[in-house]
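Participant: First the structure, which I've put down as structure tokens, then a few questions once you've had a look.
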Amino acid sequence: MLEKFPDSDYSLSAPEEWAWEQIRRGEVADMRFAPDGGGANSPCKPVEDGWISWAQYVAGRTLSAKFTKTIVTRPQPAYIPGTRRIHIENAVIDQFLDLANEEIEMELWIRNSFLRAGIDINAAHFHRSLLLDGSVVEQRMSSNDAVFDRYLSMGHGKYPEIWLIGAKIGRRLSVVGSTVTGQINADNAVVTD
């Protein structure tokens, strides 16, 4: 198990310290329970509750793009106990999350969260799965030529557009119940099962 955050030059915020403690133990980092996160009864579904209704909880739930990228790309499955999963709930990621061309060994769940500046997973290789269920991606989501050995799930979320050109998905793709305000382009995408 990793005791220390895997980037010694990065200074963690209070919400990130709390999230890292949960993740390194193999537990869910539900940001409602982080310091100043609002608690169990605070709004937790950005699609249903909207950004404005939970704006008061933003500071206590915010994870930087650098923090998120570090925990996604550096720890290997042997370091995180339990289900080999990084599971983040009810978070706000304000900056653009760039995971393009990365090898992601762990299963990644970022659920009921708000990715304000978007996410780039072009040509990334998810050795397990990616779940963004219930999340809002406000600006853009690009996943051209990405590989998902298991599945890609974006159900009950909200996306400006979805680009999956040339993507390879091992088991299933799910966008059930999601709202896409722009274009979906999945030219030459392959879902194996």
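Participant: Go through (1) at pLDDT below 95; (2) under 18 Å from MET31 (Cα atoms); (3) under 12 Å from the mean Cα position of the chain (by Cα) one by one and return the number of the condition GLY118 breaks.
Facilitator: So the condition that GLY118 fails would be (2).
Participant: Give the range 105-128 a look and list any residue that's part of a loop (DSSP other than H, G, I, E, B), touching a helix residue (DSSP H, G or I) at 6+ places or on another chain (Cβ under 8 Å), surrounded by 19 or more Cβ atoms within 10 Å (Cβ to Cβ) and not charged (D, E, K, R), or say none.
Facilitator: First pass over the range 105-128, keeping only residues part of a loop (DSSP other than H, G, I, E, B): 105-106, 112-113, 116-118, 121-124, 127-128.
Now narrow it down to the ones that are touching a helix residue (DSSP H, G or I) at 6+ places or on another chain (Cβ under 8 Å): 105-106, 112-113, 117.
Going one step further and asking which of them are surrounded by 19 or more Cβ atoms within 10 Å (Cβ to Cβ), we end up with 105-106, 112-113.
Result: MET106, ASN112, SER113.
Participant: Could you look through the range 137-179, keep only residues that are among the aliphatic types (A, V, I, L, M) and in a strand (DSSP E or B), and pick out the one that is most open to solvent (accessible area, probe 1.4 Å)? Give the derivation first.
Facilitator: Residues of the range 137-179 that are among the aliphatic types (A, V, I, L, M), as a first pass: 137, 141, 146-147, 152, 154, 162, 164-165, 167, 169, 173, 175-176.
Now restrict to residues that are in a strand (DSSP E or B): 137, 141, 147, 152, 162, 169, 173.
On the way: VAL137: 4, MET141: 0, VAL147: 43, LEU152: 1, ILE162: 3, ILE169: 4, LEU173: 70 Å².
Residue satisfying both the conditions and the ranking: LEU173.
Participant: Output yes when any residue across the range 53-68 is within 22 Å of ARG150 (Cβ to Cβ), surrounded by 17 or more Cβ atoms within 10 Å (Cβ to Cβ) and of a type in the set (Ser, Thr, Tyr), and no when none is. Before the answer, list the steps.
Facilitator: Going residue by residue through the range 53-68, those that are within 22 Å of ARG150 (Cβ to Cβ) are 68.
Next cut, surrounded by 17 or more Cβ atoms within 10 Å (Cβ to Cβ) only: 68.
After this cut, where a residue has to be of a type in the set (Ser, Thr, Tyr) as well, the list is 68.
Looking for residues that are within 22 Å of ARG150 (Cβ to Cβ), surrounded by 17 or more Cβ atoms within 10 Å (Cβ to Cβ) and of a type in the set (Ser, Thr, Tyr), one finds at least one in the range 53-68, hence yes.
Participant: Are there any pairs, at least 6 apart or on different chains, whose C-beta atoms fall under 6 Å, with the first in the range 13-38 and among the acidic types (Asp, Glu) and the second part of a helix (DSSP H, G or I) and at pLDDT 95 or above, and if so, which?
Facilitator: Going by the 6 Å Cβ cut-off, the qualifying pairs are GLU16/PHE67.
Participant: Here is a further query. Filtering the range 35-80 down to residues that are of a type in the set (A, V, I, L, M, F, W, C) and over 29 Å from VAL176 (Cβ atoms), which residue is modelled with the lowest pLDDT? Walk me through how you get there before you give the answer.
Facilitator: Within the range 35-80, the first condition is being of a type in the set (A, V, I, L, M, F, W, C), and the residues that meet it are 40, 44, 47, 51-52, 54-55, 58-59, 63, 65, 67, 71-72, 78, 80.
After this cut, where a residue has to be over 29 Å from VAL176 (Cβ atoms) as well, the list is 59, 67, 78.
On the way: ALA59: 84, PHE67: 97, ALA78: 75.
My answer is ALA78.
The values are calculated or read from the model by the stated rules, or taken from the named source; none is laboratory data. Keep in mind that this is a model prediction, so the values were computed, not measured. Virtual Cβ from ideal backbone geometry, glycine too; neighbours counted across all protein chains shown. These area figures cover heavy atoms from the full protein model, side chains too; ligands, DNA and RNA do not enter into them. Shrake-Rupley method; radii C 1.70, N 1.55, O 1.52, S 1.80 Å.
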